[in-house]
Structure formats: structure tokens, C-alpha cells
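There's a structure below that I have some questions on.
The values are calculated or read from the model by the stated rules, or taken from the named source; none is laboratory data. Here the structure is a predicted model, which means the values were calculated and not measured. Positions of Cβ are generated from backbone atoms using ideal geometry, with glycine treated the same way; all protein chains shown enter the neighbour counts. These accessible areas exclude ligands, DNA and RNA; they are computed on the full protein's heavy atoms, side chains included. Shrake-Rupley method; radii C 1.70, N 1.55, O 1.52, S 1.80 Å.
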Amino acid sequence: MAEDKFTAIIVGAGPAGSTAAYVLAKEGHEVLLIEKGAQPGSKNMFGGRMYCHALNRIIPNFWEEAPLERPVAREIITLLDGDQSVSVSCQDLTWTRPPYHSFTLLRAEFDAWLASKAEEAGAMVACNIRVDDLLIDSGRVVGIRAGEDEMLADVVIAADGANSVIAQKAGLAQMFAPHQVATGVKEIIELPPETISQRFQLDGNNGAAQLFVGACTKGMQGGGFLYTNKNSSSLGLVVNAAELQRNQYRLPDLMEDFKTHPHVAPLIEGGRVAEYSAHLIPEAGLAMVPQLYGDGIVVVGDAAGFVLNLGYLVRGMDFAIASGEAAARAVMAAKSQGDFSRQGLGIYRKILKESFVLRDLEFYRRAPEFQENPRLFQTYPRLATAFASRLFTVDGSPPVHLLQKILREIKESRLGLSRLAIDGWRGATWL
Amino acid sequence: MKRERLTIEQLLGVDKFVVDDQEAHIRLNKEHCESCETKPCTFACPAGLFAVKDGAISFDHAGCLECGTCRAVCPKAGTALIWCYPRGGFGIHYRYG
Ligand SMILES: Cc1cc2nc3c(=O)[nH]c(=O)nc-3n(C[C@H](O)[C@H](O)[C@H](O)COP(=O)(O)OP(=O)(O)OC[C@H]3O[C@@H](n4cnc5c(N)ncnc54)[C@H](O)[C@@H]3O)c2cc1C
Ligand code: SF4
Ligand code: SF4
């Protein structure tokens, strides 16, 4: 194989890598997309749902052919504390009509489909191959090594996900610190479609996305999620790795506690667990973005730390897709100049800045810092649930006005009004 | 109402694995683990693959979900814990994801 030189070798057939391969192949470039799994997607899991905007620009009306589960109609946020919970639920039916807002999906099917689009467009897709190393010649990346095989390319695109070994080998990224990543675990729980629709008050095949904060992580930084698929629900937890390092709870136990929590269990009652999965999520936003390109190499998707977690929403798929596209455009620009050096590929950053990728990460640059506040995961869920419970409780005791109710709860939480004000201000201006 | 909890063995039991009998993708240099006081891998691994038995750490690479959490939390990653992905085609095979 060493005699064929590709324009680009893309390591990893997740959404970032497959999009880059698709865009390049469509323009007639020779690309090789390498995946270590037996099929694209067979190594990948996520929460749940993809916002449509990024892919719709690249493959218009992709929902007509992509394997998707349900268009999300209902968003629910639930604060949990012991016996009490408070939920906010929002339904918007315009989200369930073209150009659809977001879909729940399953990665094994979806990633395989997206890679097949790249293949149809002319990319070569090679599965069952783990890339072991980069070929470097006088400081520039010239290809990859997988076992005994060496393959050459003008550019290598590192699309190898959160545990990016490739970006580290190129000297572009350092090993992340524990607080910069979180571990997600998830169970696929099968249920009849009508049961799911009824439990979440959904019309037909509409879907729901529910996030949980508080007791589900026992106050640790993180949260729970539930996404409804056609005939299963994806239920899981995300916990920051620095919290896990403190050895308070075993992750599988935490997951079972969450699943059997009385506010959660009825949602999945009677379901059969079909799969258990786990994956890392980059959580530090801009602070963990590596050098995005070097001589002969570009980094995309999770490998570049392109994930946004605002607490009330999580985005990674749309960033992966848009950064894959940006990398493809940068490679094409570099090719037209015949310059694949660091300088020639520098346009990648410019394209990312003009797209939502770096714009949004910069806009929400303080969101990761906000999430490190332990009060978000313990004090506030407790405060909100206690207040709401008091609001609805009638037990013959003397009445008090709303303001007093709030103040009493704040006093009991020993929070202090100034701290509350600071947290509130930060939430309102950083998120 | 009592709800059914699954053990980690039951959870991993529903997953599909292609176990590599020839090559372990994660290796421990156990002499380095001896001086690791907190052994966070034993709590953090979502597959519960690390355990302390008779004071020594034990680990089994079959059942690994390839998340990288152990690598993230191990204070001696690179020396005590040598981590990489399984060889192409081996390891966890998600049918849903
Ligand atoms: C628990 C959890 C919940 C999430 N929820 C959401 C959500 O609801 N919405 C959302 O938009 N995002 C979500 N995300 C984030 C989203 O999953 C990621 O941002 C997205 O998958 C990144 O895509 P990627 O292509 O960069 O990487 P990946 O999808 O990780 O793909 C990387 C690919 O590279 C392959 N690979 C790696 N190394 C090699 C190698 N050496 N050789 C060959 N192949 C290799 C892997 O097998 C894999 O197929 C979630 C993530 C997690 C973990
Ligand atoms: S693998 Fe790492 S965390 Fe686990 S016991 Fe050894 S040194 Fe400690
Ligand atoms: S990679 Fe994940 S599942 Fe595998 S041993 Fe490490 S922590 Fe456990």
C-alpha cells in the first residue's frame, strides 16, 4: 500500500472523521478512513441526541435516509434530592418538523451510515485496523503506521476521539488532567414504543430528552440523562473524573442507584437492559483544546476537545461534524497551494472561527468553570426541591407568603444571599 | 417498591465482546501499584475490572469498555498502568451505542 499516497488519511470513523472523509471524497480527493472497530460505530456511544444544523448543511435533508430514532419534542430538566424532585418541561412541536431541531440516535447504526456516505462518495474505508503511530519525517507528519503496514498521505486528520493518542503522538496535545474529562455510562433499556410515548406524553414517534441533576451523582459534578429512542431508552450518568478519583462510589453502583431511584425507575419500569456502555467526554472546553494543526496534521472533534456542556444541554456531535468539514476545507485549501505545512494548514483555525465551532466555545468559555461549583450539584437541587415541595404542601400549619418561603429555604440551606447572588449572576452571564 | 439492580457481571453479560486472548491492551506493573494508596481505578472503572485481593491489585482486560477512565484517574499512568486500545477488531463491540 505504501506506494499509494493519499491526500488525507483520517484516523477514526466517528462523526468527525466520516464527515471529513465525505467532504474530501466528494470533491474527488483520495482519502483513506481508518477505524479500529469491526464497523464504524461499533466502539462508540454517547448520551443521546444530535442537533441537526451541522449535518443538514453538509447532507441536506439527511433525515430522509439516516438511521435516526426520534425527533426530540420535549426537553425536561429534573432536580433530584432524595424524596423530592422538581422538573421543568418544555415541548415545542416545531422541533419535530423539517428542518428538525434534534434527533435521538444510536451510534452503532448512525456512525456506520455516515461512514457509508463517505464510502459512496469515493473514500476508502478500512475497518479492524488500529493506527499505532504516526510516520514523521524531518518533523512533519507524512503518514501512519498500523502494525507492519505503513501508509503515506499529505495530511493525517486525527479524528480519534476523546482519548486521542494520535494528537499526543504528534506533540500537539498533552495528556488531559482528570478534572478535564468525565466518564459517561449508559444502559439501553428496551420498552415498547407506545409505552415510551405514554410515559413521556409524546405524540407518535416524537422523543424526549431528560437531564437530571443532584442526588443522581450523590452531589458529585455530573448528572444523569435519559433519551427516548424508538423502542428503548438510553439512561445514563456522567461524572467528572476528578470526582471519581476521590473513591466515594463505584461507578456501576452509582448507575444502579440512579436506575432504581424512585423518581427514575417508573420511567423504565419493565424494560430489559440490552447494552451497557461507557465513554469519556472532554469537559474543559477551550482550556483543553490542543494545538489544532501541525506540519501535515489536523485535529478534529473530541480529539480537539470540541464539546460543550452547559448543564442544560450537551453538544459534541455537531461540533465533531462541523470541525470535520472545516478540516476537509483546510486540506483542500492547503492542496491548492501545494503547502501542507503548519502554515499552509493554518486556515483550519480561521474556518473554525468563522463557523460556530470556535465561536460557541469562546462564547461559553467560562461554562466549564461554572460547572466546577459543587453547590450546583447539591445545595441548589436541594434548595429548589425543598422550596417547590413547600409551595405545594398543605398540612394545616400557619401560611407564609412566597418570599418568606424562599428566604426560609435559603436560610436553612446555609447558603448566604451573597453567594446565591454571585452564583446566580455567573449562571446568567456565563451560560 | 423494590426494583431490580443488576450486578456488573450481569451488565457486562449483555454486551458483545471479541476478547483478544493473545494480547492484553491494558497492562499493570503491579509493583508500582503497591505504593498507590488510594487505588482510584478500583472505584472509577465503569466495568469494575480492578479489585484488591489479599492486598494486591487484580485486573482482567476482558470486559473492558475502552473508555480510558483508568488512564485518566491513575496517578501513575504510563508506569503502573500501560494503556492502549485493543488491536483492530478486538474488544467491545457495541450493537446500539
Ligand atoms: C456519555 C456521553 C454523552 C454524550 N451525549 C451527547 C449528546 O447527547 N449530544 C451530542 O451532540 N454529543 C454528546 N456527546 C459527545 C459526542 O459523543 C462526541 O462529541 C462525538 O462522538 C465526537 O465525535 P468524534 O468523531 O470526534 O469522536 P468519536 O465519536 O469518539 O470517534 C472516534 C473514532 O476513532 C476511532 N479510533 C480511535 N483511535 C483509533 C486508532 N488508533 N485507530 C483507528 N481508529 C481509532 C474510534 O474507534 C472511533 O470510532 C456525549 C458523549 C458521551 C461520552
Ligand atoms: S493502576 Fe494506577 S490507580 Fe490502579 S492501583 Fe495501580 S497505580 Fe493505583
Ligand atoms: S478503559 Fe475503562 S472499562 Fe477499560 S479498564 Fe479502563 S476504566 Fe475500565
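For residue B:16, state whether it is more than 7 Å from chain A (Cβ to nearest Cβ) and more than 14 Å from the chain's Cα centre (by Cα).
Details: more than 7 Å from chain A (Cβ to nearest Cβ): yes; more than 14 Å from the chain's Cα centre (by Cα): yes.
Taking the combined requirement at face value, the residue satisfies it.
Residue check, residue B:80 against (1) within 16 Å of ligand 1 (Cβ to nearest atom); (2) more than 8 Å from chain A (Cβ to nearest Cβ); (3) open to solvent by less than 10 Å² (accessible area, probe 1.4 Å); (4) more than 12 Å from the chain's Cα centre (by Cα), all met but one. Which one?
Every listed condition holds for residue B:80 apart from (1).
Of the numbered conditions (1) within 24 Å of residue A:24 (Cα to Cα); (2) among the aromatic types (Phe, Trp, Tyr); (3) in contact with a Cys (Cβ under 6 Å, 6 or more places away or on another chain), residue A:100 fails exactly one; give the number of that condition.
The single condition residue A:100 does not satisfy is (1).
Output the number of residues of the stretch A:88-105 satisfying the condition of being in contact (Cβ under 8 Å) with a residue 24 or more places away in the chain and of a type in the set (Gly, Ala, Ser).
Residues meeting the conditions: 1.
Quick one: in the stretch A:21-52, of everything that is in contact with a Leu (Cβ under 8 Å, 6 or more places away or on another chain) and open to solvent by less than 10 Å² (accessible area, probe 1.4 Å), which residue is nearest to residue A:336 (Cα to Cα)? Spell out the reasoning first.
Of the stretch A:21-52, the ones in contact with a Leu (Cβ under 8 Å, 6 or more places away or on another chain) are A:21-22, A:31, A:40, A:48-50.
When the remaining residues are screened for being open to solvent by less than 10 Å² (accessible area, probe 1.4 Å), the result is A:21, A:31, A:48, A:50.
Working: A:21: 18, A:31: 16, A:48: 38, A:50: 33 Å.
Checked the stretch A:21-52; the qualifying residue nearest to residue A:336 (Cα to Cα) is A:31.
Also: Filter the stretch B:1-13 for residues that are more than 7 Å from every other protein chain (Cβ to nearest Cβ) and either among the aliphatic types (A, V, I, L, M) or loosely packed, with under 12 Cβ neighbours inside 10 Å (or both); which is farthest from residue B:61 (Cα to Cα)?
We begin by selecting, within the stretch B:1-13, every residue more than 7 Å from every other protein chain (Cβ to nearest Cβ); these are B:1-2, B:4, B:7, B:9-10, B:13.
Then drop every residue that is not either among the aliphatic types (A, V, I, L, M) or loosely packed, with under 12 Cβ neighbours inside 10 Å (or both), which leaves B:1-2, B:4, B:9.
Working: B:1: 36, B:2: 33, B:4: 27, B:9: 14 Å.
Across the stretch B:1-13, the extreme among qualifying residues is B:1.
In this structure, does residue A:334 turn out to be in contact (Cβ under 8 Å) with a residue 60 or more places away in the chain and within 16 Å of residue A:29 (Cβ to Cβ)?
On the way: in contact (Cβ under 8 Å) with a residue 60 or more places away in the chain: yes; within 16 Å of residue A:29 (Cβ to Cβ): yes.
Yes; evaluated as a whole, the condition is true for this residue.
Let me ask something additional. If residue A:166 satisfies every condition in (1) out of contact with any strand residue (DSSP E or B) (no Cβ under 7 Å at 6 or more places or on another chain); (2) under 19 Å from residue B:82 (Cβ atoms) but one, which is the exception?
If we test residue A:166 against (1) out of contact with any strand residue (DSSP E or B) (no Cβ under 7 Å at 6 or more places or on another chain); (2) under 19 Å from residue B:82 (Cβ atoms), just (1) comes out false.
Another question, then. Scan the stretch A:256-279 for residues that are open to solvent by less than 20 Å² (accessible area, probe 1.4 Å) and either within 16 Å of ligand 2 (Cβ to nearest atom) or in a helix (DSSP H, G or I) (or both) and jot them down.
A:256, A:258, A:259, A:265, A:268
Restricting to the stretch A:374-420, what's the tally of residues that are assigned to a helix (DSSP H, G or I), small (Gly, Ala, Ser) and at pLDDT 90 or above?
Here is the first cut: in the stretch A:374-420, the residues assigned to a helix (DSSP H, G or I) are A:374-377, A:379-392, A:402-412, A:417-420.
Next, from what is left, pick out any that are small (Gly, Ala, Ser): A:384, A:386, A:388-389, A:418.
From what is left, the residues that are at pLDDT 90 or above are A:384, A:386, A:388-389.
Count: 4.
So in the stretch A:298-338, with the set limited to residues that are at pLDDT 95 or above, part of a loop (DSSP other than H, G, I, E, B) and not small (Gly, Ala, Ser), which one is farthest from the chain's Cα centre (by Cα)?
This residue is A:300.
May I pose another question? Taking only pairs six or more apart or across chains, which ones have beta-carbon atoms under 6 Å, a first residue in the stretch A:397-426 that is closer than 20 Å to residue A:374 by Cβ, and a second residue that is surrounded by 12 or more Cβ atoms within 10 Å (Cβ to Cβ) and not hydrophobic (A, V, I, L, M, F, W, C)?
A:413/A:379; A:415/A:379
Looking only at the stretch A:107-133, filter to residues that are within 8 Å of chain B (Cβ to nearest Cβ) and touching a Phe, Trp or Tyr at 6+ places or on another chain (Cβ under 7 Å); which one of those is farthest from residue A:55 (Cα to Cα)?
Checking each candidate, the answer is A:130.
So, one more: Looking only at the stretch B:19-56, filter to residues that are open to solvent by less than 40 Å² (accessible area, probe 1.4 Å) and assigned to a strand (DSSP E or B); which one of those is farthest from the other protein chains (Cβ to nearest Cβ)?
B:28
For the stretch A:121-161, which positions are out of contact with any Ser or Thr (no Cβ under 9 Å at 6 or more places or on another chain), over 19 Å from residue B:85 (Cα atoms), among the β-branched types (Val, Ile, Thr) and open to solvent by 30 Å² or more (accessible area, probe 1.4 Å)?
Passing the criteria: A:136, A:142.
To continue, here is another question. Which one of the conditions (1) touching a Leu at 6+ places or on another chain (Cβ under 9 Å); (2) more than 9 Å from chain B (Cβ to nearest Cβ) does residue A:259 fail to meet, given that it meets all the rest?
Condition (2) is where residue A:259 drops out.
Going by the conditions given, is residue A:171 under 29 Å from residue A:73 (Cβ atoms), in contact (Cβ under 8 Å) with a residue 12 or more places away in the chain and among the small types (Gly, Ala, Ser)?
Details: under 29 Å from residue A:73 (Cβ atoms): no; in contact (Cβ under 8 Å) with a residue 12 or more places away in the chain: yes; among the small types (Gly, Ala, Ser): yes.
Criteria not met by residue A:171.
I'd like to check something: does the stretch A:283-296 contain any residue that is more than 16 Å from ligand 2 (Cβ to nearest atom), touching a residue at least 40 places away in the same chain (Cβ under 8 Å) and within 8 Å of another protein chain (Cβ to nearest Cβ)?
First, the residues of the stretch A:283-296 that are more than 16 Å from ligand 2 (Cβ to nearest atom): A:283-296.
Cutting the leftovers down to touching a residue at least 40 places away in the same chain (Cβ under 8 Å) gives us A:283-296.
Checking which are within 8 Å of another protein chain (Cβ to nearest Cβ) leaves us with none.
No, that holds for no residue.
Can you tell me which residue within the stretch A:169-186, out of those that are more than 7 Å from chain B (Cβ to nearest Cβ) and part of a strand (DSSP E or B), is farthest from residue A:260 (Cα to Cα)?
Filtering first and then ranking leaves A:182.
So residue B:58 ticks every box in (1) within 13 Å of ligand 2 (Cβ to nearest atom); (2) at positive phi but one. Which box is left unticked?
(2)
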